[in-house]
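Student: One structure, as structure tokens, below. Some questions next.
The values are calculated or read from the model by the stated rules, or taken from the named source; none is laboratory data. Everything numeric here is computed off the predicted structure, so don't read it as measured data. Methodologically, a virtual Cβ is constructed for each residue, glycine included, from the backbone with ideal geometry; neighbour enumeration extends over all protein chains shown.
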Amino acid sequence: MEKKLDVKTTNKCKPRSILSPDLSTVKISRRGFLKGNAALAGALLLWDALGEPAKGLAREINGWPDRYGMLTDLTRCFGCRICEKACNKANDLEPPATPFEDKSVFEEKRRVNAHTNETYTVVNRYADPKTGEPVYRKVQCNHCAEPACASACPVSALKKSPDGPVLYNENLCIGCRYCMTACPFYVPAFEYFDAGSPAIRKCSMCYTRRISKGEVPACASECPVEAITFGKRSELIKLAREKIVRNPDKYIDHIYGENEFGGTDWLYISGIAFEEMDFPSDTGTTPLPEFTREFLSAVPLVLVMWPALFGGVYLFSKNRSRTAEAGTENTKKEGNQS
Amino acid sequence: MSEYTKQIGAARKGVPEEATQELTMPQYLKKLATPFNIVAGIIVLVGLGLIVVRYTMGLGAVTSASQDQPWGLFLNIGLFSGVPLSASGFVLGTVVFIFGLKHYEPVVKNAVLLGFLGYLFAVIFLLIDLGRPWRLPYPMAVSFGTTSVLFLVAWHVALYLSCQFLEFVPSLFEWAGWKVLRRWTIKLTIGLTIFGIMLSTLHQSALGALFLLAPGKLHPLWYTPYLPVLFLNSAIAGGLCLVIFVTYLTRRFLKEQADAEYLASIDKITLGLGKGVSLVLITYFAVKIIALAHGNHWSLLNTTYGYWYLVEILGFVLLPGILFALGSRSKNVGLVQFTALLTIIGVVINRINVSLIALNWQLPEREFFDLREFLIVIGVITIEVLVYRWIVSHMPILRRHPDYENEHE
């Protein structure tokens, strides 16, 4: 009986999993077209790099099905803040102003804050609108499949790793903070009170400190109720869907992050609607970098066409004024003769 | 602003440049101590003091240091408002050198200077705002973020600043008396102007495109795929209006630095440009309405943000568009000059709306204004005004240099 249910589940997923490769092929061909344009322009202009459309960030991502992800089961979280403590320890962050055991922090909504640099993840408390019971949301970088922050960074200090995590390189960062403006989740934090080397602070999924050493990210490893699962994203989606199907009364039928903003590698399942916990709801499924891509692809066209267009206007107006001058001189001569 | 400028005029009136050099030091200092200079000096000192605090204690010591709203007044005013107003150089260059409308030539050098200073000070604001300003050249030399609109802005502002500098140097060389260099740079005019059009088209619109990345954060009344077009369009209006308004100020307060040709041309030029801006603003208004219809956001007009949006597009776009048309038709120079100021304010309001007020509109708590930040902004703008006054008082900007009286480019 259970096995049948499983089969049914996978069948149910199939339309979705078939749909996404389809979409990606469409994307590739369009991008290939744009890239062709850019290459043409590049042949004509030395600094075409300026306007070259995004180098198929998404295309590469779609080719990384084995990337890691995290799944947070918000129905399990009971607000112990051990993940915050584990994050602090794993990343060698500053000692906290109030101890991680202190529950009074739930009185306000917190975010990752580089002023104090205590942790790259925070847990906030909300109330279940039906029962009034407390529910908790863990906040950290969602490691988007096509991160707006990485596409925004003018020096590529933020990059999507093929393994999944969105990584920050402090050695390149100029401190423009466009990543903060770009991030739809208000995740990156900036060290405003550092004059010498202010940096962006955000979760790296413990990539260099743990994942690359074969360890599970600190928050997932320390969580006492296994609310956080680390694994391949594709596996996590299966796991999440299975949980939802098995417990339709416990979970709402929504995996947040599966398609939001084109997908994030940190996924969530919940017992109450995500907007009740301040998750952005009007997200759409288009990856945010798509919104600037069209503009960037128009850049080489302007660079190529404007000189001819305005050079032409210049020659036209010059020629016209010469003709006009010649005309007046002729009239003058005629006038003198008569 | 006009109060200060009034006092500039009072201070300079009837003091020929040569006289300065013959004054002894105490006399010179006494002459400098005009009410305007004293007020300006205090503003600059306060600003510089706060800038020192910023570089020693971090951005957080002089700004509201918001993690949610990272871009404050330095960028809202210094970059997002300063750059469109500095379109003056490229717009007037196009009108005179490309379209060949030679009767606008007397104001071109001033327009180019205003553009050059505007970009120079936009970069100065960037140096204050960037977390690590010494890495300003990184996007050009160290690491290329080719998917970023800001990468494009960085390159274009750098290139265009150089371009504007080359367009400005003939005046500098005339002042310095370097004739050969001047002749060479004059020859570059057409090339530089066209290069300037390319760069300006792209980076003015790119400043709008920066916000395309944040559809969920910018209020739907301001978020539209037309943002790049709207930013370029309003920059053209802003640049033209800056020329109209500063030309008015120079006639009023820096008259002794101008020659008769410049002064006599102002009325005709003002009316002509006014007619032009009228067309630009009406076009801009139309695109704004198309954007509204495209997003189908009519119902949002009846909200607080909607009322503020209507103030912006009716009071600072449609109204000046009509006033410019009326003013240039009835040859009312004063009305056109007033409307230019109205439009300049409108461009600044629009940029502040997009980059501050309508951005992150869904956040529960927000801070728009920080006094320390504001004092730095005012201090830097005052330095810009003083630098402008110094250049106009020394170099042949509002006049032809006697050596090149009869030269027509």
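Student: Looking only at segment A:200-230, how many residues end up being touching a residue at least 60 places away in the same chain (Cβ under 8 Å), farther than 30 Å from residue A:174 by Cα and buried (at least 16 other Cβ atoms within 10 Å of the Cβ)?
Tutor: 7
Student: With the structure loaded, tell me whether residue A:162 is more than 8 Å from every other protein chain (Cβ to nearest Cβ) and under 24 Å from residue B:64 (Cβ atoms) or whether it fails that test.
Tutor: Answer is no for this residue.
Student: Additional query: Go through segment B:287-330 and give me each residue that's outside any helix (DSSP H, G or I) and in contact (Cβ under 8 Å) with a residue 40 or more places away in the chain.
Tutor: Selection gives B:297 alone.
Student: Residue B:166 - would you say it is farther than 17 Å from residue B:109 by Cα and within 19 Å of the chain's Cα centre (by Cα)?
Tutor: It is false that residue B:166 is farther than 17 Å from residue B:109 by Cα and within 19 Å of the chain's Cα centre (by Cα).
Student: Give me the residue from segment A:168-199 that is within 7 Å of chain B (Cβ to nearest Cβ), in contact with a Ser or Thr (Cβ under 8 Å, 6 or more places away or on another chain) and not aliphatic (A, V, I, L, M) and, out of that set, nearest to residue A:148 (Cα to Cα).
Tutor: Result: A:184.
Student: Then there is this: Please work out which residue is farthest from the other protein chains (Cβ to nearest Cβ), limiting yourself to segment A:267-297 and to residues that are without any contact (Cβ under 8 Å) to a residue 12 or more places away in the chain and not charged (D, E, K, R).
Tutor: Restricting to residues being without any contact (Cβ under 8 Å) to a residue 12 or more places away in the chain and not charged (D, E, K, R), the top hit is A:281.
Student: If only one of B:249, B:207, B:221, B:230 is in a helix (DSSP H, G or I), buried (at least 23 other Cβ atoms within 10 Å of the Cβ) and modelled with pLDDT of 95 or more, which one is it?
Tutor: B:207
Student: Show me the helices (runs of 4 or more DSSP H) entirely contained within segment B:84-174 in which 2 or more residues are buried (at least 19 other Cβ atoms within 10 Å of the Cβ) and either more than 9 Å from chain A (Cβ to nearest Cβ) or in contact (Cβ under 8 Å) with a residue 60 or more places away in the chain (or both).
Tutor: Those helices (runs of 4 or more DSSP H) span B:88-93, B:108-129.
Student: Taking into account only those residues within segment A:283-311 that are of a type in the set (Ser, Thr, Tyr) and either farther than 22 Å from residue A:154 by Cβ or under 18 Å from the mean Cα position of the chain (by Cα) (or both), which is surrounded by the most Cβ atoms within 10 Å (Cβ to Cβ)?
Tutor: Ranking the qualifying residues of segment A:283-311, first place goes to A:292.
Student: Here's something else I'd like to know. Would you check if residue B:62 is without any contact (Cβ under 8 Å) to a residue 40 or more places away in the chain and either more than 17 Å from residue B:240 (Cα to Cα) or within 12 Å of another protein chain (Cβ to nearest Cβ) (or both)?
Tutor: no
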